[in-house]
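The values are calculated or read from the model by the stated rules, or taken from the named source; none is laboratory data. Everything numeric in this text was worked out from a predicted model, so none of it was measured. Cβ: placed from backbone, ideal geometry, glycine included. Neighbour counts: every protein chain shown. SASA here: full protein model, heavy atoms, side chains in, ligands and nucleic acids out. Shrake-Rupley method; radii C 1.70, N 1.55, O 1.52, S 1.80 Å.
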Amino acid sequence: MPFDPIARVPIEEGDRVRLDYVGRFEDGTVFATSRPAVAEEHGLLPPGEGDPAPLSFTVGANEVIDGLESAVLGMTAGGEATVRVPPAEAYGEHDPDRVREYDPEAFEAMVGEPPEIGTHVEAKNDLHGDVTAITDESVQVDFNHELAGRTLVFDIEVLGVEPTPGTEEP
């Protein structure tokens, strides 16, 4: 069954949902959105990547952060809400044990380029991190998710719902 923007059946686990959203920090800074005008206004349109699109996910399939999944439960197509998601329901707290230091020469040998603040690296164990500090003695790489430790606020609008197969109304 395709997404039905008219359905007013409350969303439940297993339903496929399509959302428009604006994600921001508590200070109002927008960090992500599915709305092209908002993305343009806040400089979130990377060159050559096209317009952002609505977010589609299956509720309960761990495809999005917990706080967003639980927020849509019980909503219906056309419903709107502002949702505050604490770190525990998003990307977790910032973990100091996930910040590692490397010798500058060893870092350059591993990465293939000299360290620069903001350089994104991928370790052999598929961890992703960003260079956050450089001294003569060390290069600091933070392997926490970039949104770890942050409370996130989402303005969401349910654009459509595809009910779990076998649960549609007759």
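Pick from Val64, Val121, Val85: which is most flexible by mean-square fluctuation in a GNM of the chain where alpha carbon atoms under 10 Å apart are linked? The residue that fluctuates most here is Val121.
Quarter the surface of the alpha carbon convex hull of the chain and you get the mean projected area, 12.4 square nanometres. Under a 5 Å amide H cut-off, with hydrogens placed 1.01 Å from N, Thr119 pairs with Val131 among residues at least 5 apart or on other chains. I'd like the GluC sites (Glu not before Pro) in the range 67-170 restricted to DSSP loop residues with at most 13 other Cβ atoms within 10 Å, sorted by number. Listed in order of number, the matching sites are Glu93, Glu116, Glu137, Glu146, Glu168. Placing unit charges on the Cβ atoms of the charged side chains and taking the dipole of the range 9-137 about its Cα centre, the candidate lying farthest along the positive direction among Thr33, Pro54, Met110 is Pro54.
Where does the chain land at 222 nm, in deg cm²/dmol rounded to the nearest 500, when only DSSP H runs of n ≥ 4 count, each adding -39500 (n - 2.57), divided by all residues? Provide the component values of the computation, followed by the final result.
Working: 3 runs with 21 residues, N = 170.
Computed ellipticity for the chain at 222 nm equals -3000 deg cm²/dmol.
Sites listed here are trypsin sites (Lys or Arg not before Pro) in the range 1-88 whose DSSP assignment is loop and whose Cβ has at most 15 other Cβ atoms within 10 Å: Arg8. Entry comment: accessible area of the range 50-170 is 58 Å² per residue, from protein heavy atoms only and a probe of 1.4 Å. Only the Cβ atoms of Lys and Arg (+1) and of Asp and Glu (-1) were treated as charged; on that basis the dipole of the range 24-170 about its Cα centre amounts to roughly 400 debye.
Selection among Ser138, Gly160, Val64 by position relative to the dipole of the chain gives Gly160 as farthest towards the positive end (Cβ unit charges, Cα centre). As a calculated quantity, the FRET efficiency between Arg98 and Asp136 at R0 = 25 Å, using C-beta atoms, amounts to about 0.60. In this structure, the amide hydrogen of Thr33, modeled 1.01 Å from its nitrogen in the peptide plane, lies closer than 5 angstrom to those of Gly23, counting only residues at least 5 positions away or on a different chain.
Rolling a 1.4 angstrom probe over the chain with all protein chains present gives an accessible area of which 49% lies on carbon and sulfur atoms.
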